[in-house]
Amino acid sequence: MSKPRILVARAVFPEVIERLTQHFEVESNQADVVWSKAELTEHLRGKDGAFTTGSDRVDAEVLAACPQLKICANMAVGYNNFDLDAMTARGVLGTNTPDVLTETTADFGFALLMATARRITESEHYLRAGQWTKWSYDMFAGSDIHGATLGILGMGRIGQGIARRGAHGFGMNVIYHNRSRLDAATEADCKARYVGKEELLKMADHLVLVLPYSAASHHTIGAAELAQMKPTATLVNIARGGIVDDAALAAALRDKRIAAAGLDVFEGEPAVHPDLLTVPNVVLTPHIASASVPTRQAMANLAADNLIEFFTKNKGLTPLNPQVLGKT
Ligand code: 8YV
């Protein structure tokens, strides 16, 4: 019996390609070319499965051109690159990589928060530029982490990881807002108090965004929300570009309506809004919150395991639309 045919849409660890090759006829993009939608569609034609990343958009048009496709395994926990309704309508399984990246991403959220509040990258640029000639009482004086009020918008696994770090490690007063309130035991574990969105914006000294992107969460933080925040507040986005109105944020940073921001994700990334590049009080990183070597390996292996599980047992380990199983 011939092996199922799969496409690995972006470069990935060679040992993962090797594993996949034991089960599948693999076409892989190890040259890591960023394909247009038309090119991705061309490569997907005739494939039974796909290993995708957050940069590979799978929508109704792509699916219509690739009727053989039965599964897309995303190497990401977020899956806003999938039109999941269109996939479900066509009986295509989507899978993601939850859990394996939670702690690494929470670590990074905290690192970005600390770099932002304590102005670490801004001060390093100053030092590297040879501008450090003397000590001054207020040189790069930022805001404190310990004892401050940490606001978290989106309290899933990663949000809870950040809350635990803040509450238990830094004695922070943690407040959160989420679509649904956590159960009492989880709130106690995170030492987090549920508040309305408005209270969150007004009370937080540091606001971290960890909510999934959807049409409903587009520009959750825009000019109006930024205006409600403390002028001393910091904002951290490790969720998705598009949750923040980047133009409005750049204006708020320029006018010091909030103190600083730390951004790992951007609207239209890898492009970055030009105004964000001109304001000093922002820490910018290229979507690397999950990028530790062990975690990226775990994510790639989980995506591969989902493909193997699907083609050998007609199951998914972490399915997003399990209702399609049995129909394929
Ligand atoms: C990925 C992420 O690096 O998992 C996610 O949702 O945003 C990141 O961990 C990125 O999406 C690549 O697929």
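Which trypsin sites (Lys or Arg not before Pro) in the stretch 226-292 pass both tests, a DSSP loop state and at most 14 other beta-carbon atoms within 10 Å?
The qualifying sites are Lys256.
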Ratio for the chain, C-alpha Rg to 2.2 N^0.38 Å, reads 1.08
Fraction of accessible area attributable to carbon and sulfur, the stretch 199-310 (%, probe 1.4 Å): 62
With a probe of 1.4 Å, find how much accessible area the chain has per residue, and write the answer as a whole number in Å². 46
Counting only residues 5 or more apart in sequence or on a different chain, those whose built amide H sits under 5 Å from that of Gly262 are Leu235, Val236, Asn237, Val283
Quick check: Cα centre of the stretch 1-68 to Cα centre of the stretch 294-328, how many Å? 14
Between His219 and Asp138, how many nm apart are label points set 7 Å from Cα along the C-beta direction? 3.5
How long are the semi-axes of the ellipsoid equivalent to the stretch 102-284, from square roots of 5 times the Cα gyration tensor eigenvalues, in whole Å, largest first? 26, 19, 14
Total Lys pairs in the chain closer than 30 Å by alpha-carbon, pairs eight or more apart in sequence or interchain only? 27
MRE, 222 nm, helices only [DSSP H, n ≥ 4, -39500 (n - 2.57), over the chain, to nearest 500]: -10000 deg cm²/dmol
Sort out the exposed loop chymotrypsin sites (Phe, Trp or Tyr not before Pro) in the chain (DSSP loop, at most 14 other Cβ within 10 Å) and tell me the longest stretch that has none. 141-328
As an exercise, identify the trypsin sites (Lys or Arg not before Pro) in the stretch 293-328 lying in DSSP coil whose Cβ has no more than 16 other Cβ atoms within 10 Å. Lys315, Lys327
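Using only alpha carbon pairs under 8 Å that are at least six residues apart, calculate the relative contact order of the chain and give it in whole percent.
It rounds to 18 percent for the chain.
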Computing the accessible area with a 1.4 Å probe over protein heavy atoms, can you report the carbon and sulfur percentage for the stretch 89-163? 53
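The values are calculated or read from the model by the stated rules, or taken from the named source; none is laboratory data. In this text the structure is predicted, and so the values were computed from the model without any measurement. Here Cβ is always computed from backbone atoms with ideal geometry, including for glycine, and neighbour counts include all displayed protein chains. Keep in mind that these areas ignore ligands, DNA and RNA; they rest on the heavy atoms of the full protein, side chains included. Shrake-Rupley method; radii C 1.70, N 1.55, O 1.52, S 1.80 Å.
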